[in-house]
Amino acid sequence: MPVGTARTCMNGLNALSGVGLLTVPYALSEGGWVSLALLAAVAAACWYTGILLCRCMDADDAIRTYPDIGEHAFGRTGRLLVSAFTYVELYLVATGFLILEGDNLDKLFPGARVTLGTVSLAGKRLFVVLVALVVAPTTWLRSLGVLAYVSATGVFASVVIVLSVLWAAAVDGVGFSGRGTTTPLRIAGLPTALGLYIFCYGGHPMFPTLYTSMKRKSQFPKMLVICFLLCTLNYGAMAVLGYLMYGDGVLSQVTLNLPSARLSSKVAIYTTLLNPVTKYALVVTPIAAAVEERIRGAAGKGARAVSVAVRTLLVLSTVAVALALPFFADLMALVGSMLNVAVCMLLPCACYVRIFGAPSMSSVEAVAIGGILVLGSLVAVTGTYYSLMKII
């Protein structure tokens, strides 16, 4: 694989390997063993819609971003619709990263406090601010080739988390005797399970950015297959491990179940903290790029300063939201059911059909797109409803 393609593949893996890894055991407990087939189905559907986005970009050389695809398909309205769903999803996911970091660091270091003059920060608020200071410099990297090295750390972290959980079960005495592991299917929990599974594959807003960064764009479909295959294997392994270990007692983040005194547990928890830090920049880059395009000064002298200012302000705004709405589980559930479904399943299909037309599609392609639209619509309605009911 060429070096450029390998770097893009690393960024793609990082886009798909995130905090959703911690939730898949809980998703399996909600939906039962049969829901693992739905995990594979969701992966296949999201892979295919990623290919559809690639084809839409090939329709016009002027298309560079996901909103460009929406505009090419549905005009100004399409751009606004895609932009709204895409950037709100990315923004809330980035905010969720800060909340996750604050929660876990507060648990590891309870009672932490910093006072500067009349300003005092403690607990989760303190750690949200500290994490923001760490991730801000990574957002200033405009080259995805450089960012690939940051992404490699995130991909490695995802693998380490799975191996640490396996070590806790096989060596540290947790075992594989979780109660409730024989339930094949739970209809009532399927909306939640599907919403969480789709949240795991929410990398579509980054795909156009990755595609345009490639010198050999013909390698993109191959790169996407590798990314989805490896991530699905990792997600499936974590889901089975966590569910076998804790059964129906598995929490929304499996690391919260682990015995805190064990070394393997500490490795898993600390690695969990590393993953959002390495992924934050990749998530906010499309938002920052869109803002910079709207600022004429970013195209001439002082472009670097404008870019740093935009990205720094973006980080500060996510800090403000994280401090105001520190509800990670509820926020991510709503993002998965309402926003990810639209961005990863519904909008790619709608744009593709609009650009190329139904008559030009083969019967197999038409059935595949129709099936994805039906599945996505069902998840959007039921998943959003159940998420809102849980929040209420």
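The values are calculated or read from the model by the stated rules, or taken from the named source; none is laboratory data. All of these numbers come straight from a predicted model, not from anything done at the bench. Heads up, the Cβs are rebuilt from the backbone with ideal geometry, glycines too, and the neighbour counts pull from every protein chain shown. To get the accessible areas, we keep the full protein, side chains included, count just its heavy atoms, and leave off ligands, DNA and RNA. Shrake-Rupley method; radii C 1.70, N 1.55, O 1.52, S 1.80 Å.
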> Picking from ALA44, ALA27, which residue would you name as being open to solvent by 20 Å² or more (accessible area, probe 1.4 Å), within 30 Å of LEU185 (Cβ to Cβ) and not in a loop (DSSP other than H, G, I, E, B)?
Replying inline: ALA44
> Would a scan of the stretch 248-263 turn up a residue that is in a helix (DSSP H, G or I), modelled with pLDDT of 85 or more, open to solvent by 10 Å² or more (accessible area, probe 1.4 Å) and not acidic (Asp, Glu)?
Replying inline: yes
> Any residue at all in the stretch 295-317 that is at pLDDT 85 or above, over 15 Å from LEU166 (Cα atoms), buried (at least 17 other Cβ atoms within 10 Å of the Cβ) and of a type outside the set (A, V, I, L, M, F, W, C)?
Replying inline: yes
>> Go through (1) more than 27 Å from TYR243 (Cα to Cα); (2) at pLDDT 85 or above; (3) of a type in the set (A, V, I, L, M, F, W, C) for LEU90 and report which single condition fails.
In response: (2)
> Pick from the stretch 113-130 the residues that are among the aliphatic types (A, V, I, L, M) and out of contact with any Gly (no Cβ under 7 Å at 6 or more places or on another chain): which of them is nearest to GLY96 (Cα to Cα)?
Replying inline: VAL129
> So which residues in the stretch 178-215 are outside any loop (DSSP other than H, G, I, E, B), over 27 Å from CYS56 (Cβ atoms) and touching a helix residue (DSSP H, G or I) at 6+ places or on another chain (Cβ under 8 Å), if there are any at all?
Replying inline: GLY189, LEU190, PRO191, THR192, ALA193, LEU196
>> Can you list residue pairs whose Cβ atoms sit under 6 Å apart, with the first residue in the stretch 262-284 being farther than 19 Å from GLY242 by Cα and the second being outside any helix (DSSP H, G or I) and not hydrophobic (A, V, I, L, M, F, W, C)? Count only pairs 6 or more apart in sequence or on different chains.
In response: LYS279/GLY18
> If a residue has to be open to solvent by 20 Å² or more (accessible area, probe 1.4 Å) and at pLDDT 85 or above to count, how many in the stretch 132-141 make the cut?
Replying inline: 3
> Hey, any hits in the stretch 327-344 for a residue that's at pLDDT 85 or above and in contact with a Cys (Cβ under 8 Å, 6 or more places away or on another chain)?
Replying inline: yes
> Hey, any hits in the stretch 87-110 for a residue that's without any contact (Cβ under 8 Å) to a residue 40 or more places away in the chain, of a type outside the set (Phe, Trp, Tyr) and either part of a loop (DSSP other than H, G, I, E, B) or crowded, with 17+ Cβ neighbours inside 10 Å (or both)?
Replying inline: yes
> Which members of the stretch 142-165 meet the condition of being open to solvent by 70 Å² or more (accessible area, probe 1.4 Å) and at pLDDT 80 or above?
Replying inline: PHE156, LEU163
> Which residues, counting only those in the stretch 203-220, are open to solvent by less than 50 Å² (accessible area, probe 1.4 Å) and not small (Gly, Ala, Ser)?
Replying inline: HIS204, PRO205, MET206, PHE207, PRO208, THR209, LEU210, TYR211, THR212, MET214, GLN219, PHE220
> Could you say whether any residue in the stretch 52-62 is closer than 18 Å to LEU90 by Cβ, buried (at least 23 other Cβ atoms within 10 Å of the Cβ) and within 18 Å of the chain's Cα centre (by Cα)?
Replying inline: yes
>> Testing CYS227 on (1) assigned to a helix (DSSP H, G or I); (2) touching a helix residue (DSSP H, G or I) at 6+ places or on another chain (Cβ under 9 Å); (3) surrounded by fewer than 20 Cβ atoms within 10 Å (Cβ to Cβ), one condition comes back false. Which one is that?
In response: (3)
